[in-house]
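J.: Submitted below is the structure of interest, expressed as C-alpha cells.
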Amino acid sequence: MRPGGDFVKLLKLENVSVKYKTREGWVLAAEDVNISMEKQETLGIVGESGCGKSTLGNAILGILPRETIVDGKIFFNGEDIISLPRKKFRMIRGKDISMIFQDPMTSLNPVMKLKHHFIETILTHKDVSKEEALNMAEKALTDVGINADRLNDYPFQLSGGMRQRVMIALALVLNPKLVIADEPTTSLDVIVQAQILNILKGLQKEYNMGMILITHDLGVVAEVADNIGVMYGGHLVEYSTKMNIYKDPKHPYTKALLESIPNTDINDRELTFIEGYPPDLMSVPEGCRFSDRCPKVMDICKSSTPPDIFIEENRLVKCWLYKEGSAQSANDN
Amino acid sequence: MQTIIKARDLTKHFPVKEPLLKKLLTKERKYVHAVNGIDFDIMENQTLGLVGESGSGKTTTGRLCLRLLDATRGEVSYFGKNIFELEKESLRKLRKEIQIIFQDPLAALNPYMKVGEAVRHPLDIHKIGTPKQRYEKVLEMLTKVNLEPAEDFYSRYPRELSGGQRQRIVIARALITEPKFVVADEAVAMLDVSVRSQLLELMIQLKKEMNLTYLFITHDLATTKYICDKIAVMYLGNIVETGSFEEIYTNPMHPYTKALISAVPEADPEKQKEKIIPGGEVPNPIDLPEGCPFHPRCSEAKEICKREFPDTIKVSDTRNVSCHLYKNA
Amino acid sequence: MKKEWSPSYRLGKALSRVFKNKSGLMAFIGLAILVTYIIFAVFAPYIAPYDPTVKSGPAYSPPTKDHWFGTTNLGYDVLSRIIYGARIALLIAFLAVAVAAAIGIPLGLLSGYIGGTFDRILSMIMDAVYSFPGLVLAIAIAAVLGPGIINVALSIAVIYAPTYFRVIRNQVSSIKDDLFVEAARAIGARDRTILLKYILPNVLPSVIVVLSMNLADAIMTEAGLSFLGLGIAPPTPDWGYDLSNGQRFLLLNYWWMIIFPGMSIITVVLGFSLFSEGANEYLNPNVGETRR
C-alpha cells in the first residue's frame with residue numbers, strides 16, 4: 001500500500017480547516033483534516049453533500065473565495081502552498097495541480113471554441129508557440145478518445161459525456177502531478193460514467209499522476225481508488241485502504257453508510273438506513289458531528305470532538321470508540 | 001387483482017422549435033421522438049419500475065400517465081377509461097386518484113407557500129372536508145411521513161428544511177387525497193446517500209398502508225430491487241426488456257440491458273465487473289436510427305437489426321424482450 | 001421546534017443582519033429619507049410654519065429666523081412650500097406608479113401565462129410605448145389632458161406601465177415551466193389559482209425593486225412637467241413649478257428660491273434610489289458577486 005520511509009509525499013494536509021462567512025454567519029466547512037497521499041496514488045474522498053469534500057479540493061487548488069479562511073498547512077511536494085504568495089500559487093495551479101470540475105455544462109465557456117480553451121490554458125503556464133500548444137491539445141484530445149478535428153467546435157456542439165472528456169483533457173494537457181476530480185461523473189449517465197472512469201484510470205497510469213477523486217458515490221471509488229478518506233460534517237472520520245474501508249469499516253458512519261446503500265445483491269432485500277439528517281455546517285453540534293445519529297454513541301461523543309486515532313500506521317479513525325482505554329474499543333467488531 | 005393502468009401504443013413526439021423562415025420554406029417538421037409506441041400494464045398494488053438513462057423517455061412516460069402532457073398517439077387507461085379522452089372536469093377529478101412525486105424536492109414546492117398550506121392545497125382544490133378537517137388531515141399526513149411534531153412543520157417554509165424533509169412534504173402532498181396510482185419520478189435521486197434509503201423505506205411502508213400502485217422511474221437499477229415487482233428497461237423511447245429484478249440482473253437478455261448492468265458501479269472492490277461499453281453515444285432522439293434503435297451501438301447487431309424494428313417477444317409470463325436475437329426463443 | 005424559530009428572535013436577527021450589511025444599510029438610509037418626506041407630506045399642516053399659498057412675509061426675503069428658507073417673489077414661505085410640496089410630489093408619484101402597476105402587472109401575468117399570439121401582440125404594443133422617450137410622451141399626453149393631479153398622474157402612468165408589463169411577463173414566461181407550477185397542475189389547480197397563488201408571489205419581489213426606482217423617476221418627471229408649465233397649476237405648492245419660477249431670479253442672487261426646491265427633488269429621488277438599490281442588492285446578493 002505505501003512505500004514506507006521518508007520519501008516526500010505528493011500531498012500532505014496538516015490540520016487543515018476551512019471556514020467562510022455567509023450572510024447568516026460562519027460556516028465551518030472543514031475542520032482539522034489530516035491526510036496525505038503518494039505520487040501516482042488515487043485517493044478517494046467520499047461523503048455526502050455538505051461534508052466538506054469539495055471545499056477541501058478547492059482549498060488544495062487554492063480557488064476558494066477571498067473571504068475564506070484556511071488554517072493549517074497543505075504541503076505539495078514538500079512545499080506549503082497555503083503560505084505561498086498568490087502569484088506563485090497561480091503558477092502551480094493548472095500546471096502541477098489541476099482540477100476536473102463537476103458540471104461540464106457550465107465549466108466550459110460557451111462562446112469559445114475548444115481549441116481556444118486549450119491554447120489559453122497552455123500558454124498561461126508554458127512558454128511555447130501557438131503551434132506547439134495546438135499539438136499538445138490534439139494529443140490530449142485523442143487521449144480521451146475525441147477526434148482532434150473537434151477542436152474547432154463550440155462546447156454546445158458536444159454531448160455531456162464528450163464535454164466531460166474535454167474537461168479531463170484540459171486538466172491533463174500540461175501533465176500535472178496531481179489531478180483533483182470533483183464529482184466528475186455525477187451528472188452523467190451510468191454507461192457514460194463507465195466510459196469516463198475507464199479513461200481516467202488509463203490516463204492516470206499513462207501520465208503517472210496522483211489523483212484525488214471526490215465523490216458521494218461509493219461504487220465509483222470502489223473501482224478506482226487505492227485509499228479512501230470518508231468525510232462527514234466537515235471532519236475526516238476515517239481513512240484507510242480501499243479494502244479496509246469496504247471490508248472492515250471502523251467508524252460507525254462508514255459502517256452505516258455502506259449498509260444503507262441500495263445494493264444489487266439479490267439475497268439482500270432489507271433496507272437499512274441511518275436515522276436523521278446530515279448536520280448543518282452553520283450550527284455544528286458540540287462534540288462528534290455524527291453523535292446525533294450514531295448507534296454507538298457514548299456520553300463523551302456529545303461533548304468533545306474525538307481526536308484522530310491511528311489504529312495502525314496508516315489507518316485513521318476519528319472516533320471515541322477507538323481510544324485506548326475506552327471500554328468499547330476492545331469489544332468492537 | 002385488476003389492471004389499473006394500461007398503456008397501449010403510447011407515443012409522444014415533441015415538435016422542435018424552428019425559426020420562422022425555415023418553417024415557411026420547408027414542409028418538413030422535426031420532432032423529438034421521446035416515447036415511441038410503448039405498451040405496459042400495471043396491476044393493482046403492483047410497482048412497475050421504469051429504468052433508463054437520460055433520453056430514454058422514462059420521465060416523459062411518467063408525465064403522460066398523469067396527462068401532464070398530451071399524447072401524440074396511443075392511450076393510457078385508468079380502470080378502463082382512456083385518460084386522454086377525459087373532459088376538463090373529469091380530468092380534474094382524476095387528479096385526486098393519480099398523483100406524482102417529483103425528483104427535485106426544492107423545485108417542486110412553491111417557495112411562498114408554507115408546508116401546511118402546500119400539503120393542504122389538494123384538499124382545498126377538490127373541496128374535501130371542512131377547513132378544520134383539512135387541517136387535521138394535514139397533521140395526520142405529516143405524521144405519516146415522519147415529520148413530527150406536525151404542528152411545528154405546518155408553518156415552516158420549504159427553504160428552512162433539509163432535502164429529505166422536503167421530499168417527505170412532496171410525498172405528503174401527493175398522497176393526501178388518497179390516490180390509487182402514484183408516479184415516482186426519480187423520487188430519491190437528488191437526496192443524500194444516507195437519506196435515500198430512509199425515503200425508499202417510507203415509500204414502501206406507505207404503499208402497504210395506503211394500498212398504492214407505483215410507477216417507479218429511476219436511472220439507478222439498485223433501488224428497484226427493494227420496491228419494484230417488475231422492471232421495464234427503456235432506451236430511446238422504447239421498452240427493450242421487462243422482467244423481475246432477479247431475472248434482469250442475473251440474466252439480462254437485451255444487449256443494452258447487459259451493458260447497463262455491467263456499468264452499474266458496485267460498492268464492493270471484490271465485485272468489480274467487466275464493463276461492456278457500447279460504442280458511440282446515445283443518438284439524438286430527433287433522428288432515430290432505422291430498424292432497432294440500439295443497433296448502431298450494439299456489438300451483436302445483425303443485418304436485420306438495421307432494417308426492421310424488433311417485435312416484442314414473450315419469453316415467459318413475466319419476461320419480455322424486444323430484440324431480433326431472440327426471435328426464435 | 002427550537003427557539004431560533006420564534007418570531008421576535010427572527011426579527012431581531014433580521015434587523016441586525018440588515019444593518020451590518022452594506023447594501024442593507026444603504027436601503028435603510030434611503031428608507032429613512034423617504035420616511036422623513038412622507039412625514040412632511042402627511043403632517044404638513046402641523047409642521048409647516050405658514051400657509052404656502054398666502055403671503056406671509058416680505059417678498060424676496062433671504063433665509064431669516066422667521067423664514068428659514070426665505071420667501072418667494074410673492075412673499076410665500078419657501079420652507080412651507082417645500083413641506084407642502086412633498087404632498088404633491090409623493091401623491092402624484094405614488095398614484096402614477098400605482099396606476100402603471102395596475103395596468104402592467106395583470107397584463108404581464110396574462111401575457112406571460114397565455115403566450116402565443118396574444119402575448120406577441122401585447123408585447124409589441126408595450127414595446128412601442130416603451131421605446132418612446134418618456135418625457136416627450138408624458139408631455140404630449142399632459143398637453144392633451146390638461147393640468148391637474150389626476151391627469152398628471154395618468155400621463156406619467158402610461159410611460160411606466162410597459163416596464164411592469166415586461167418585468168412580469170418575462171418572469172412569468174420562465175416560471176410557468178418550473179417544477180412547482182407543474183406540481184400545482186398535477187394536483188388539479190385551476191389556471192386562476194396557479195396564477196395568483198403560485199406565480200404571482202414569485203414574480204412580485206422583482207417588481208418591488210422596479211417600483212422604487214420608478215417612484216424616483218416619477219418624481220423627476222412630474223417636476224419636469226410642472227417646470228414646463230404642464231403640471232400642477234399655481235399657487236399649489238409644487239417643487240417643479242417653484243424651480244421654474246425661481247430660475248428667473250437666480251441672476252439677482254436670490255438663490256434660495258431655486259436651491260431648496262431643487263435639493264428636495266434631489267434628496268427624495270436619492271432616497272428612492274438608495275432604497276431600491278440597497279433592497280435589490282440585499283434581496284438578490286448574487287448581483288455583482290466576487291469571483292468564486
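Please treat every number below as a calculation from the coordinates, not as lab data. Please read all numbers here as calculations on a predicted model, not as lab measurements. Here the Cβ is made from the backbone with ideal geometry for all residues, glycine too, and neighbour counts use every protein chain on show.
J.: What distance in nm separates the simple spin-label points at C:Leu228 and A:Lys73, each placed 7 Å from Cα in the Cβ direction?
T.: In this crude spin-label approximation the distance works out to 7.3 nm.
J.: Write down, largest first, the equivalent ellipsoid semi-axes of the protein assembly as shown in whole Å, where each equals the square root of 5 times an eigenvalue of the alpha-carbon gyration tensor.
T.: Each semi-axis is √(5λ); the values are 58, 38, 30 Å.
J.: Is the C-alpha gyration tensor of region C:87-141 telling us rounded, prolate or oblate? Criteria: a/c under 1.5 is rounded; beyond that, a/b larger than b/c is prolate, otherwise oblate.
T.: Judged from the Cα gyration tensor, region C:87-141 comes out oblate (a/c at least 1.5, b/c at or above a/b).
J.: Can you grab the distance from the C-alpha centre of region B:183-215 to the C-alpha centre of region B:273-329, Å, no decimals?
T.: Value for the Cα centre distance between the two parts: 31 Å.
J.: Against the longest alpha carbon principal axis of chain C, how many degrees, from 0 to 90 and to the nearest 10, is the axis of helix C:200-227 turned?
T.: It works out to around 20 degrees.
J.: Assign unit charges at the C-beta atoms only (+1 for Lys and Arg, -1 for Asp and Glu), then state the dipole size of the protein assembly as shown relative to its Cα centre in Debye, rounded to the nearest 20.
T.: Dipole of the protein assembly as shown, to the nearest 20 debye: 1820 debye.
J.: Another one. Dipole of chain B (Lys/Arg Cβ +1, Asp/Glu Cβ -1, origin at the Cα centre): which of B:Gln103, B:Ala150, B:His13 lies farthest to the positive side?
T.: Most positive-ward Cα: B:His13.
J.: Apply the a/c threshold of 1.5 to the C-alpha gyration tensor of region C:185-292 and tell me whether it is rounded, prolate or oblate.
T.: Note, shape of region C:185-292 comes out oblate.
J.: Considering only Cα-Cα distances, which of the following residue pairs are longer than 22 Å: B:Lys96/B:Lys137; A:Lys88/A:Lys130; A:Lys242/A:Lys296; B:Lys207/B:Lys273; B:Lys230/B:Lys258?
T.: Distance filter (> 22 Å) returns A:Lys88/A:Lys130; A:Lys242/A:Lys296; B:Lys207/B:Lys273.
J.: Another question, if that's okay. In which sequence would A:Lys139, A:Lys87, A:Lys53, A:Lys205 go, from the one with the fewest C-beta neighbours within 10 Å to the one with the most?
T.: Taking fewest neighbouring Cβ atoms as first place, the list is A:Lys87, A:Lys205, A:Lys139, A:Lys53.
J.: If I build a Gaussian network model for chain A, linking alpha-carbon pairs within less than 10 angstrom, which residue out of A:Gly287, A:Gly210, A:Gly233 has the largest mean-square fluctuation?
T.: Looking only at A:Gly287, A:Gly210, A:Gly233, the largest GNM fluctuation is found for A:Gly287.
J.: Pick out, from C:Thr221, C:Phe275, B:Ala172, the residue whose Cα sits farthest towards the positive end of the charge dipole of the protein assembly as shown, with +1 on the Cβ of Lys and Arg and -1 on the Cβ of Asp and Glu.
T.: C:Thr221
J.: Sum up the charges of everything whose Cβ sits under 13 Å from the Cβ of B:Glu246, counting Lys and Arg as +1 and Asp and Glu as -1, but leave B:Glu246 out.
T.: Result for the neighbourhood of B:Glu246: 0.
J.: Distances over 24 Å make up what percent of all Cα-Cα pairs in region A:198-333?
T.: 37 percent
J.: Which of B:Arg168, B:Arg307, B:Arg319 ends up with the largest GNM mean-square fluctuation for chain B, with Cα atoms connected below 10 Å?
T.: Fluctuation is largest for B:Arg307.
J.: May I pose another question? Please give me the summed charge of the neighbours of A:Lys39: other residues whose Cβ is under 10 Å from its Cβ, Lys and Arg +1, Asp and Glu -1.
T.: Taking every other residue near A:Lys39 into account, the sum is 0.
J.: May I pose another question? Quick one: if the Förster radius is 25 Å, what FRET efficiency do A:Glu132 and A:Asn152 give, using the C-beta to C-beta distance and rounding to 0.05?
T.: The computed FRET efficiency comes out at 0.85.
J.: List the aspartates and glutamates whose Cα sits under 17 Å from the Cα of C:Lys55, skipping any in the same chain fewer than 8 residues away.
T.: Cα-Cα hits under 17 Å: C:Asp66, C:Asp77, C:Asp238, C:Asp242.
J.: Next question. Got the relative contact order for region A:1-113 handy, in percent, Cα pairs under 8 Å and 6 or more residues apart?
T.: Answer for region A:1-113 is 29 percent.
J.: Counting pairs of Cα atoms in region C:15-283, how many percent are more than 26 Å apart?
T.: Tail fraction, whole percent: 51.
J.: How big is the charge dipole of chain B about its Cα centre, in debye rounded to the nearest 20, if each Lys and Arg gets +1 on its Cβ and each Asp and Glu gets -1 on its Cβ?
T.: Charge dipole of chain B: 1040 debye, to the nearest 20.
J.: Quick one: what are the phi-derived ³J(HN,Hα) couplings along region A:113-123, Karplus 6.51/-1.76/1.60 with θ = phi - 60°, whole Hz, x for glycine and proline?
T.: Once θ is set to phi - 60°, the couplings for region A:113-123 become 5, 4, 5, 5, 4, 5, 4, 4, 4, 5, 5 Hz.
J.: Once Lys and Arg get +1 and Asp and Glu get -1 on their Cβ, which of C:Ala183, C:Gly112, C:Tyr241 lies farthest toward the positive end of the dipole of region C:15-283?
T.: Farthest towards the positive pole: C:Ala183.
J.: Sum up the charges of everything whose Cβ sits under 14 Å from the Cβ of C:Val203, counting Lys and Arg as +1 and Asp and Glu as -1, but leave C:Val203 out.
T.: Taking every other residue near C:Val203 into account, the sum is +2.
J.: Another question, then. Can you spot the lysines whose alpha carbon is less than 17 Å from A:Lys21's alpha carbon? Ignore those fewer than 8 places along the same chain.
T.: Straight-distance partners of A:Lys21: C:Lys13, C:Lys20, C:Lys22.
J.: Using the beta-carbon distance between A:Asp280 and A:Asn109 and R0 = 60 Å, what value does 1/(1 + (r/R0)^6) give for FRET efficiency, to the nearest 0.05?
T.: With a Förster radius of 60 Å, E is 0.95.
J.: Okay, moving on. Once you've got the GNM for chain C with C-alpha springs shorter than 10 Å, pick whichever of C:Ser16, C:Ser155, C:Ser276 has the biggest mean-square fluctuation.
T.: For chain C, modelled as a Gaussian network with Cα springs under 10 Å, the answer is C:Ser16.
J.: A follow-up question, please. Taking a virtual spin label 7 Å from the Cα of B:Asp9 along the C-beta vector, which residues in region B:53-89 bring their backbone nitrogen under 19 Å of it?
T.: Label zone hits: B:61, B:64-65, B:70-78, B:80-86.
J.: By a straight-distance test (C-alpha under 13 Å), which aspartates and glutamates pair with B:Lys208 as possible cross-link partners, with residues fewer than eight away in the same chain excluded?
T.: Within reach: B:Glu44, B:Glu178.
J.: Now, a different point. When DSSP beta bridges are limited to those with both residues in the protein assembly as shown, what percentage is antiparallel, rounded to the nearest 5?
T.: If we restrict to bridges inside the protein assembly as shown, about 60 percent are antiparallel.
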